[in-house]
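Following: one structure in structure tokens, then a few remarks.
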Amino acid sequence: MLPRESSRRNSIAIAASAALGLLLAHVWLYRFLTDDAFISFRYARNLADGHGLVFNPGFERVEGYTNFLWVMILAAFDAIGIAAERIANLLSAACGVVIWWAVLRYCRERSDRPVWLVVLPLFLLAATRSFAVWCTSGLETKLYEMLVVVGALEALREIDAARAGGPE
């Protein structure tokens, strides 16, 4: 690796670390658990306890959740003894960090860009209140966003690779 490349990588790593620290502090500042999340938590708990996907065991089965994958993930944690209300915000924050990492990866791969253009999107993401707020709440919001953003960035990478003349 050339000294200039090493310096560039170090600069990106330092700035990216600062942006991640800002994001995590911002998420911590706005952390909360919304009451709507407890609908999914209840379905997850009942599923983990062997009652199936029901809100009230022993009564009519009603699909009152809007987020099947999120309920399944929470139920899996509940089944191993980690209550949904304890893990949901951590999972959402982790999804926010995955989005942050996907943006870093995508921007870093544009090697012809100046360092500040690589890290600017990371700082903008970290400083955006709405992004930080919804990294918690207990809802499936950040999981959905992560799947969309990571999928879109991967599609863009594939398009770039095809334009460059072949697979990555």
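The values are calculated or read from the model by the stated rules, or taken from the named source; none is laboratory data. Computed from a predicted model, the values in this text were never measured in an experiment. In this analysis, Cβ positions are derived from the backbone assuming ideal geometry, glycine residues included, and neighbour counts consider all displayed protein chains. Heads up: the accessible areas ignore ligands, DNA and RNA and are worked out on the full protein's heavy atoms, side chains in. Shrake-Rupley method; radii C 1.70, N 1.55, O 1.52, S 1.80 Å.
Could you identify which residue out of Trp134, Trp70, Trp28 has the top mean-square fluctuation in a GNM of the chain using Cα springs shorter than 10 Å?
Trp28
Between [x] 1.22; [y] 1.28; [z] 1.96, which matches Cα Rg over 2.2 N^0.38 Å calculated for the structure shown?
Answer label, from the structure shown: [y].
Express in nm, to one decimal, how much length is gained between Phe59 and Leu22 on full extension, taking 0.36 nm for each residue of separation and deducting their alpha carbon distance.
8.6 nm
Give me the angle, in degrees from 0 to 90, between the Cα long axis of helix 68-79 and the longest principal axis of the Cα atoms of the chain, rounded to the nearest 10.
In the chain, helix 68-79 runs at an angle near 70 degrees to the longest axis.
Considering only protein heavy atoms, what per residue accessible area in square angstrom results for the range 1-158 with a 1.4 angstrom probe?
Ligands and nucleic acids excluded, the result is 58 Å² per residue.
For Phe77, what is the net charge nearby, where nearby means another residue's Cβ is under 12 Å from its Cβ and Lys, Arg count +1, Asp, Glu -1?
Charge balance near Phe77 sits at 0.
Tell me what the chain gives for mean residue ellipticity at 222 nm when only DSSP H runs of n ≥ 4 count, each as -39,500 (n - 2.57), the sum divided by the residue total, rounded to 500 deg cm²/dmol.
-23500 deg cm²/dmol
If I stretch the segment between Leu120 and Thr66 completely, what's the gain in nm (0.36 nm per residue apart, minus their alpha carbon distance), one decimal?
Details: separation 54, 0.36 × 54 = 19.44 nm, distance 3.47 nm.
Separation in residues times 0.36 nm, less the Cα-Cα distance, equals 16.0 nm.
Assuming R0 = 22 Å, what is the FRET efficiency of Thr128 and Glu85, from their Cβ-Cβ distance, to the nearest 0.05?
Once the sixth-power term is evaluated, E becomes 0.30.
I'd like to know which of Leu33, Ile12, Gly58 lies farthest towards the positive end of the charge dipole of the range 1-92, counting +1 on Cβ of Lys and Arg and -1 on Cβ of Asp and Glu.
It is Ile12, whose Cα lies furthest towards the positive end.
If you stretched the chain out fully between Arg105 and Thr34, how much longer would it get, using 0.36 nm times the residue separation minus the C-alpha to C-alpha distance?
22.4 nm
How much net charge surrounds Ala16 when only the other residues with a Cβ under 11 Å from the Cβ of Ala16 are counted, with Lys and Arg +1 and Asp and Glu -1?
Once all neighbours under 11 Å are counted, the net charge is +3.
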